[in-house]
Amino acid sequence: MDDTGTVVAFYLLSALTIAAALGVVVVRNLVHAVVSLILSFVGVAGLYITLSADFVAVTQVLIYAGAVSVLILFAIVLTPTGDRGNQETFLRLPALLLALLVAFTLGYVAIDTDWAISDREGFQQTASVIGEALLGKYVLPFEIASVLLLVAMMGAILLVRPEGAVEGE
Amino acid sequence: MTVQTEPFVVNLGPQHPSTHGVFRLRLTLDGERIIDADMVMGYLHRSMEKLAEERTYTQNIPFTDRTDYLAAMTGNLAYVIAVEQLCGIEPPDRAQWLRTIMCELQRIASHCMAVGIFANDCGAWQTPVMHMLRDREKVLDLFEMACGARLTLNYMRIGGVSRDVPPEFMPTARKLIKDLPKKLDEYEDLLLENEIIVERSRGIGVLTPEQAMAHSVSGPMLRASGVAWDIRKADPYAAYDKVDFDIAVGVHGDVYDRFVVRLAEMRESVKILEQALELIPEGPVHAQLPTATVQPIDQPVAPLAIRPPVGEAYGRIESPRGELGFYLISDGSPAPFRFHIRSPSYINLTPLKLMSVGGTVADAIVILGSVDIIVGEVDR
Amino acid sequence: MMPLDAEWYDFRDFGNTVGSLLEQIRDWGAPDWVPYVISGLIGVLAILLWTILSVLAFIWIERRVVGLMQNRIGPNRVGPNGLLQPVADALKLLFKEPITTRNADRILFWLAPIVVFVPTIVVFAVIPFGERMVLADLNVGVLFLIAVGSLNTIAVFMAGWSSNNKYALIGAMRTIAMLISYELIQVLVLLAAVLFVGSMRLGDIVDWQADHAVWLLFLQPLGLLGYIVAGAVEMNRSPTDIAEAESEIVAGYHTEYGGIKFGFFYQAEYLAGFAIAAVIVTLYMGGWTLWGLEEWVPGWLIFLTKLYGVFFIYIWSRATLPRLRIDQLMAFAWKFLLPLSLVNVMVVGGEKLLWQEAELSSGEALPLFGVINSAVAVILIGGWAWVLGHQRPERVAHRALLTKELGTIHFGEPAPTV
């Protein structure tokens, strides 16, 4: 984990992710902001790979960059004032100060903490371990998540159903 | 709680791979559903009707080629029948039979194109078009034998046809109608039961017979709605009262039925051609016209100027698209006073909005293909 | 399997050559990362070279084959027998003026062809072309394929949105709806395949098929059919090329693109086709193995033959079948394919459980499973289609009614059947 390849990759990917995340809040055009968001998702997936979490990385790309971002794009495109863009507001300076304060606090805490380094070996096959955990120890949250998705689907169908009788065929 | 939506307007055409020419359809869409369809025509208006008033009756025959450019024979014939009605000329028998043969060949060619393009509109990448154009080429070869042209034929004359067919015409025509039913079987095999074509066209663009008759629709569109009306039987011209054929009628009035009716009409045309090629008599192909000097019978004749008596006439025939009629008013001069074309495509387009509203954009394309318009006829 | 110490000139597997080169570099005392980088570079260059050559070749092949199916000769003017046609096409696209419409979103407009091209070529990194000819042998190879395929959705939307053109937007929306629905089907079908093998590594799947001397397509015919359809939709090819339905919305999401940008979309379509074909060959048709023939014939040659064969099926279906409407396609996915894939997963899962619990040997279990799965496939496809009202009266083909009476009305009468 300490070889130069991993370190270089970590710094490059972190720079990419942070730049993309900054782009999300700085860029004027909303659709460009979403594209930056997608880039940051892919960057985070890369960071997962440096931690040997291959399943999580691929799932990150699949779910976030593939599906969630499409959802956000549709939300922007279909709302009436979607092409409004990131507007100028008088709260920019206070927001920047607040963000810097939060970043400083988090950074100080992260650097100052005594992180406990685990001496266990990394997983070889993360997919099977995650699968066994999801269907063994964490089966209840798994099932609740699926019920949540069902509720969301039903809500979506109810929202777009035309008024009046259900269309036949 | 409903989601607020806003309809938006899309222009289908005038430049579009599928509007069969320069034709514009303004659709108001709500998502994919059409809520309004507005036709804008006139992109191909060539003011034929006014130009015809400057030319003699014979000089107007090439105009009729170019109104319906995929069915030039029938266009010529309708006009020529109108003039013959005005003048009271009776063409000889051989001319009548030749007219029948040419019109039926033209019907086969036009329906080949219509059916192929319909399958193309459904999305089959020109494969049916290529196959059906193969048969259309054989018909066009026959036309080239008879009158020297393939598309703008200019074959009919006032009082007959321009020239007799060469000796190699009859054997070639017989060979064509012997081979054609097998080809039609092959096309029906491939297209009739194709799941995707059935899904794309059954139940789409339904026109009830009352609606069809109220909008003066004619031709295969009317027959697909179930009304058995064919000018060849209702008001026989040329030699149609001497041949035996059926009227092909659909039962649902949708796009699939129009397609099926056109395929069946091709078979009926083959039947008519078989009888016509047997029964055609020998004889002159052009009548002796009163206003011209006596011309030798076996040479193509072009009378100098026909001056019909004052009056009006309406000559109509069954073109592959419907009832094609020419309304002529003569004031005794060599040029018509009024030359009006009742074009079937223009009238058949009237219920387009009725048929399209409620469907999707893809349906609108398919419905437009099933009406089988020729924009030259629509705009004249 | 082939011995691990094969010679460098053993071209049955190019991995031998590359492996010998890397050992040589290590012997020369290069630091650790140099062989790693060089092998990566060689792999990338090889894939790029192969894909570009294949696309060029297949532009010509597709047009000739489609032309022959349409009873005409295809391109035969440019070069001998038209073989330089792809070169002419590429040159034409390169020399065209790159027009960007005035109100288009310039950055996204420029970015969309790139974002379309990259995922399709990245797929080839995990496909095993031979025993040691894999660029990146991921443990989650199958999931990687799906994830990368889902990036296509974003690219299509970017292309459609940035063109500032209503047709393009309609095309983009249609495509996204289609792609998302069929991604689900893809995942379920691939899940069933992975269940049998027990691993998501593509190399493991090929090895499993070689060890048990059977192709997965014989064991999971329903899965193969589902994946063929889902794959056709993913690559926007007829009969499901709704996004670029030429006769309806001109060219869909790439209406406004011209020149080499359109060339990228065009190439990406072929590449996606090869990618889907490569996945089908790897997962269902044994990859680079052919029941022992790979001892004599190079594995990559077998793989390419199978890949081009599967791609030919897609060319064939493009030339012959008409196009479905978008709502019919979605109904097909959600009402027909999705229940079938779910039942497939359940059946396959049950079979795998039976195999492990009853401790059957593979010799007796696999033929049994093959027969069961084929029977289930036939019953499900026929039965579910019947339940959904497949041959109901208003969908039956018929002929025209022939009558001799004039003026009668026959609306609503029963029509003569075919």
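Measuring gaps between exposed loop sites in chain A (chymotrypsin sites (Phe, Trp or Tyr not before Pro); DSSP loop; at most 13 other Cβ atoms within 10 Å), the longest gap, sites not included, is A:1-89. Over region C:253-326, the Kirkwood radius and the radius of gyration, each from Cα atoms, give a ratio Rg/Rh of 1.12.
Model label sites at A:Leu100 and B:Glu54, defined 7 Å from Cα along the beta-carbon direction, differ in position by 8.2 nm.
Other protein chain C-beta atoms within 10 Å of residue C-beta, averaged over C:324-332: 4.
Its Cα gyration tensor gives region C:112-207 an equivalent ellipsoid, and the semi-axes of that ellipsoid, as √(5λ) in whole Å with the largest first, are 31, 16, 7. The loop-placed trypsin sites (Lys or Arg not before Pro) in region B:22-123, going by DSSP, that have at most 14 neighbouring Cβ atoms within 10 Å of their Cβ come out as B:Arg46.
Would you calculate the separation in nanometres between label points at B:Asp38 and C:Gln328, each defined as 7 Å from the Cα along the Cα-to-beta-carbon direction? A separation of 3.1 nm, rounded to one decimal place.
Can you pull the Rg over Rh of chain C, Cα-only, Kirkwood?
For chain C, the value is 1.02.
In region A:124-163, one over the average inverse separation of all distinct C-alpha pairs is 12.1 Å, which is the Kirkwood hydrodynamic radius.
Among A:Met153, B:Met48, B:Met73, the order by Cβ neighbours within 10 angstrom, fewest to most, reads A:Met153, B:Met48, B:Met73.
With only the Cα atoms considered, region B:207-256 has a convex hull volume of 72 Å³ per residue.
Long hydrophobic helices in chain A: the complete DSSP H runs spanning 20 Å or more by Cα along their own axis with mean Kyte-Doolittle hydropathy of at least 1.6 are A:4-26, A:30-50, A:92-112, A:139-160. A crude spin-label estimate for the pair C:Ala358 and C:Arg26, with each label 7 Å from Cα along the Cβ direction, gives 4.7 nm. The coefficient of translational diffusion for region B:50-379, derived via Stokes-Einstein from the alpha carbon Kirkwood radius under 20 °C and 1.002 mPa s, stands at 106 µm²/s. For C:Asn164 and C:Arg72, a Förster radius of 35 Å and the Cβ-Cβ distance give a FRET efficiency of 0.40, rounded to the nearest 0.05. Pairwise Cα separations in region B:159-252 fall into 5 Å bins from 0 onward with the following percentages, short to long: 2, 10, 11, 14, 17, 17, 13, 8, 5, 1. Screening chain C for whole DSSP H helices with an alpha carbon extent of at least 30 angstrom along the helix axis and a mean Kyte-Doolittle hydropathy of at least -0.5 yields C:33-69, C:141-162, C:166-197, C:259-284, C:299-320, C:362-387. Along chain C, counting only trypsin sites (Lys or Arg not before Pro) with a DSSP assignment other than H, G, I, E or B and at most 11 other Cβ atoms inside a 10 Å radius, the longest segment between sites is C:103-403.
What Kirkwood Rh does region A:1-90 have if only Cα atoms enter the pairwise 1/r average? Answer in Å.
The answer is 14.2 Å.
For region B:122-168, the list of trypsin sites (Lys or Arg not before Pro) that fall in a loop by DSSP and count at most 16 other C-beta atoms within 10 angstrom reads B:Arg150.
Suppose R0 equals 35 Å; then what is the FRET efficiency for C:Val37 and A:Phe74 from their Cβ-Cβ distance, rounded to the nearest 0.05? Efficiency, from the Cβ-Cβ distance: 0.30. Please work out the FRET efficiency for the pair A:Leu91 and C:Thr100, using the Cβ-Cβ distance as r and a Förster radius of 41 Å; give the result to the nearest 0.05. That gives a FRET efficiency of 0.70.
Counted without the sites themselves, the longest stretch of chain C free of GluC sites (Glu not before Pro) in a DSSP loop having at most 15 other beta carbon atoms within 10 Å is C:8-358.
Residue exposure proxy: B:Thr67, B:Thr152, A:Thr113, ordered by other Cβ atoms within 10 angstrom of their Cβ from fewest to most, comes out as A:Thr113, B:Thr152, B:Thr67. Taking every alpha-carbon pair in region B:60-167 and binning the separations at 5 Å intervals from zero gives 2, 13, 21, 22, 16, 11, 7, 4, 2, 1 percent.
Scaled against 2.2 N^0.38 Å for its residue count N, the alpha carbon radius of gyration of region C:297-374 is 1.61. Taking the centroid of alpha carbons for each part, region B:67-111 and region B:159-187 are 16 Å apart.
In µm²/s, what is D for the protein assembly as shown at 37 °C and 0.692 mPa s, where D = kT/(6 pi eta Rh) by Stokes-Einstein and Rh is the Kirkwood radius from Cα pairs?
In µm²/s, the coefficient is 101.
One way to sum up the overall shape of chain A is the equivalent ellipsoid from its Cα gyration tensor, whose semi-axes run 34, 28, 16 Å, largest first.
Under the convention that each Lys and Arg Cβ holds +1 and each Asp and Glu Cβ holds -1, the size of the dipole of region B:1-154 around its Cα centre is about 280 debye.
When C:Leu324, A:Leu78 are sorted by how many other C-beta atoms sit within 10 angstrom of their C-beta, beginning with the fewest, the order is A:Leu78, C:Leu324.
Any read-out appearing in this document is the output of simple, stated calculations on the displayed coordinates, not a laboratory observation. Given the structure is predicted, the values throughout are model-derived calculations rather than measurements. Methodologically, a virtual Cβ is constructed for each residue, glycine included, from the backbone with ideal geometry; neighbour enumeration extends over all protein chains shown.
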